[in-house]
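Chemist: The structure under discussion is supplied below as structure tokens; questions concerning it will follow.
Values quoted throughout were computed directly from the atomic coordinates according to the rules given, and no laboratory measurement underlies them. In this text, all values refer to a predicted model and were calculated from it rather than measured experimentally. Cβ placement follows ideal geometry from the backbone for every residue including glycine, while neighbour counts extend to all protein chains displayed.
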Amino acid sequence: MWAAENELALRVRDKGRKGWLPAFRDAALFKVAYAYGLRRNETRMLDLTDFGRNPEGREFGEYGTLLVRYGKAKKGSPPKRRSVLTVWHWTPGTIEEWISEVRPGMRHSPSRALWPSERGPRIGVQRLDSRFAAYRDAVGLDPALEFHSLRRSYITHLIEDGHDPLFVQQQVGHDHASTTAIYTCVSSDFRTRSLRRVLDATIEAAMRPGRTS
């Protein structure tokens, strides 16, 4: 899906159409939402100043952490805040390209919002849904997929990559591990690889010299 978004944005730009800036914004926005496991409102409410350094992840430069200021709140409580660590090396480049090279061309670039819209300083929730659906349909993905699917994929891929479940829980701001577990839809390929590793280890142990039955 990322490749399709980038290709569309560049194609629109090369034809001299005005819509290439929003198209590029959409591609960057979806990548960032996935890269940090964000909800819709968490994504749209990001500001330019919400990124920071991680002393333990110097390779990420100015984009080692992300402050989420508008996390999902409990009833009657203010929005929850959390700090999310950058985990993938491609993330800083995506953010830097958007902020430094593309975002300045947006009409409302003087605003502090990371994602200005064509008509205002900050993109709206319904716009996020409609743009995601447009790209999803354009590349022939399952119609059941929605913006929140990016968050589910983030959790799944962190688990598949071997990250500690508690780390994943803290990254996405869940109070309980059981909530994170609900979102974890580990792929069939991962399950197959995991089973293969267990079987290989079992066979290797059984073949060691000196083993008795």
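Chemist: Using modelled backbone amide H atoms (1.01 Å from N, in-plane), which distant-in-sequence or interchain residues come within less than 5 Å of W115's amide H?
Modeler: The list, which skips near neighbours in sequence, is I123.
Chemist: Now for a different question. So what's the net charge close to R39: Lys and Arg +1, Asp and Glu -1, counting the other residues with Cβ under 10 Å from its Cβ?
Modeler: Net of charged neighbours comes to +3.
Chemist: Another question, if that's okay. What are the ³J(HN,Hα) values, in whole Hz, obtained from phi via the Karplus relation 6.51 cos²θ - 1.76 cosθ + 1.60 with θ = phi - 60°, for each residue of segment 82-87 in sequence order, with x given for Gly and Pro?
Modeler: Once rounded to whole Hz, the list reads 7, 9, 10, 7, 6, 10.
Chemist: Roughly how many Å is it from the Cα centre of segment 75-132 to that of segment 37-74, as a whole number?
Modeler: Going from one Cα centre to the other spans 10 Å.
Chemist: Points 7 angstrom from Cα along the Cβ direction at K74 and S149: gap in nanometres?
Modeler: 3.3 nm
Chemist: Another one. Using the Karplus curve 6.51 cos²θ - 1.76 cosθ + 1.60 with θ = phi - 60°, what ³J(HN,Hα) values do you get for each residue of segment 142-150, in whole Hz, with x for Gly and Pro?
Modeler: 4, x, 6, 5, 9, 3, 5, 5, 5
Chemist: Taking amide H atoms as placed 1.01 Å from N in the peptide plane, list the residues 5 or more away in sequence, or in a different chain, whose amide H sits under 5 Å from that of K80.
Modeler: G71, K72, A73
Chemist: To continue, here is another question. Counting only residues 5 or more places away or on other chains, whose amide H sits under 5 Å from the amide H of G64 once H atoms are built in the peptide plane?
Modeler: Excluding prolines and chain starts, which carry no amide H, the hits are G52, R53, N54.
Chemist: Towards the positive end of the charge dipole of segment 43-183, with charges on Cβ (+1 Lys, Arg; -1 Asp, Glu), say which of P110, Q170, S153 has the farthest Cα.
Modeler: Sorting the options by dipole projection puts first P110.
Chemist: Calculate one ³J(HN,Hα) per residue across segment 23-28 by plugging θ = phi - 60° into the Karplus curve 6.51 cos²θ - 1.76 cosθ + 1.60, and present them in order as whole Hz with x for glycine and proline.
Modeler: Taking θ as phi minus 60°, the curve returns 5, 5, 4, 4, 4, 5 Hz for segment 23-28.
Chemist: With the contact rule set at Cα under 8 Å and sequence spacing of 6 or more, what percent relative contact order holds for segment 22-75?
Modeler: In percent, rounded to a whole number, it is 29.
Chemist: Taking 0.36 nm per intervening residue step and subtracting the Cα-Cα distance, what contour gain separates L67 from R112 on full extension?
Modeler: 14.8 nm
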